[in-house]
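Below: one structure, written as structure tokens.
Coordinate-derived values only; no laboratory data. This one's a predicted model, so the numbers in the text were calculated from it and none came from an experiment. Cβ: placed from backbone, ideal geometry, glycine included. Neighbour counts: every protein chain shown.
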Amino acid sequence: MSRVLVVDDDDDVRSFLVDALDLAGHTVAEAADGKAALVALKKTGFAVVLTDLTMPGMDGLELLRTIKADQPEVEVVMLTGNGTIGTAVEAMRAGAFDYLTKPLSSPTELRLVIDRALEHRALSARAEAAAPSGPQLTWGAPAMQPVKLALSKVAPTDATVLLLGESGVGKEVAARALHEGSRRSKGPFIAVNCAALSESLIASELFGHERGAFTGATERKRGKLELAEGGTFFLDEIGELKPDIQAKLLRVLQERTFERVGGTRTLPCDVRWIAATNRDLSARIAEGAFREDLYHRLAVFPVRLPPLRERREDIPPLARQLLARAAAHVGRPGLTLTDNAVDALVAADWTGNVRELANTLERAAILADGTAIGPEHILVFPGSTPAAPAAPTMEEAEIAAITAALSLHSGNRKDAAAHLGIGLRTL
């Protein structure tokens, strides 16, 4: 077993923690305050520090930050009372592995958390030695540098990441980069869009079901969570989950086990969790639409991706990359952007972010007659404002775009409207 340092100013609590961990086979040392803990850490190497949050002098949060600055490989588990859970979450964002609420329900709860912290420490050490230098992203704007740094630091770990940002900013791109930079990169990457699943089917999609679990369940089905075993499980639009599924998901995150719908067999859950949302989860919590305890489990390492309008330096290279893909898709390889077209793209608001930019360039690829796309081919629909004035041939260009979209989708107006990024009524 490994060495664990217990830090608590309450003699009785400290004695209970030391005895419980000693019985589990760990080598345990103790300290009555933060300063004594730092002295012990300098003298002896510890794998895990279990520390109370509220202590006189140096509190647990200050101790955590000092440990992570000097010995980042040491895992820290926080002990907190019910009144300081918010501070415990702040501690997790500062690098704590997990937190336990006092009074502890049983010594078993303590031992399980310490064991997970030790396992995480061992995995992180192996990942640091074996993993690539970090996710390979093409984002170059100054606004994206803190994001790239954060992703590169968290990628080799198994920490749960919550990606925040407007719709279309590239949250799934970031999630895939995290997967590729992790020790799980050879495992599956399973993405689930929570907003796209019906309320009646989402439990079956996530957890799978047994034969006969409900009408139409004629055979056993493995859920997306089971398919992600050993890899990364990405929950997009997490803010759209209904409360009953939130409760089930919280249980999986806490216990790392689940059951299929209609089943009694408990299955292990070995996945790295990444969630994303364009919703304000704080507002959803205040409305009673999202569980606060689930939010704290998901927001271990939150990362906000800025909208495209805040990183305009990324638009020219991104536009060329998206154009190449769009041109190949519509059978027009070799298309290029004129300087004026690039200027128009850079100046637009892009309320739909990268997704809107991709749609705009696909329309431009359809409209262009020659090998170059000019500003007259850049049709930005309501919601984004192009810097360049509308071209005199805008009406003709719109007709051409609609005609091409209808042709591409065999006259299906709904699909054509989706392709153009406009509503059916607008079309």
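Structure note, pairs Lys153/Lys242; Lys68/Lys242; Lys221/Lys242: Cα-Cα distances above 28 angstrom occur for Lys153/Lys242; Lys68/Lys242.
Its Cα gyration tensor gives region 3-129 an equivalent ellipsoid, and the semi-axes of that ellipsoid, as √(5λ) in whole Å with the largest first, are 19, 17, 15. Here is how the number arises for the chain: DSSP H runs of 4 or more residues each give -39500 (n - 2.57), the sum is divided by the residue count, and the result at 222 nm is -13000 deg cm²/dmol. Packing here is the average count of other Cβ atoms within 10 Å per residue, and on that basis the peptides 193-203, 365-375, highest first, run 365-375, 193-203.
Using packing as a proxy for protection, rank 246-256, 282-292, 160-170, 300-310 so that the peptide with the highest average count of other Cβ atoms within 10 Å comes first.
Ranked by mean Cβ neighbours within 10 Å, highest first: 160-170, 300-310, 246-256, 282-292.
The order of the peptides 175-181, 116-122, 96-102 by mean Cβ neighbours within 10 Å, most packed first, is 175-181, 96-102, 116-122. Full extension of the chain between Thr264 and Lys153 yields a length gain of 36.1 nm, computed as 0.36 nm times the residue separation minus the alpha carbon distance. If the chain linking Asp12 and Ser106 were pulled fully straight, counting 0.36 nm for each residue of separation and taking away their Cα-Cα distance, it would gain 32.3 nm. Once you reduce region 20-35 and region 167-214 to the center of their Cα atoms, the two points are 39 Å from each other. Fully extending the segment from Glu73 to Ala32 would add 12.5 nm, taking 0.36 nm per residue of separation and subtracting the current Cα-Cα distance.
Cross-link reach is defined here as a Cα-Cα straight distance under 19 Å, omitting same-chain residues fewer than 8 places apart; for Lys35 the aspartates and glutamates meeting it are Asp8, Asp9, Asp10, Asp11, Asp52, Asp59, Glu62, Asp70, Glu75. As a test, work out the antiparallel percent of DSSP beta bridges whose residues both lie in region 142-306, rounded to the nearest 5. Just about 20 percent of them are antiparallel. Under the criterion of Cα pairs below 8 Å and six or more residues apart, the relative contact order for region 142-306 equals 35 percent.
Relative contact order for the chain: 11 percent, from Cα pairs under 8 Å spaced at least 6 residues apart, divided by residue count. Normalising the average separation of contacting C-alpha pairs (under 8 angstrom, six or more residues apart) by the number of residues puts the relative contact order of region 3-129 at 22 percent.
List the lysines whose alpha-carbon lies under 27 Å from that of Lys414, not counting same-chain residues fewer than 8 positions away? Partners within reach: Lys171. Each Lys and Arg adds +1 at its Cβ and each Asp and Glu adds -1 at its Cβ; summed about the Cα centre, the chain shows a dipole of about 1060 debye.
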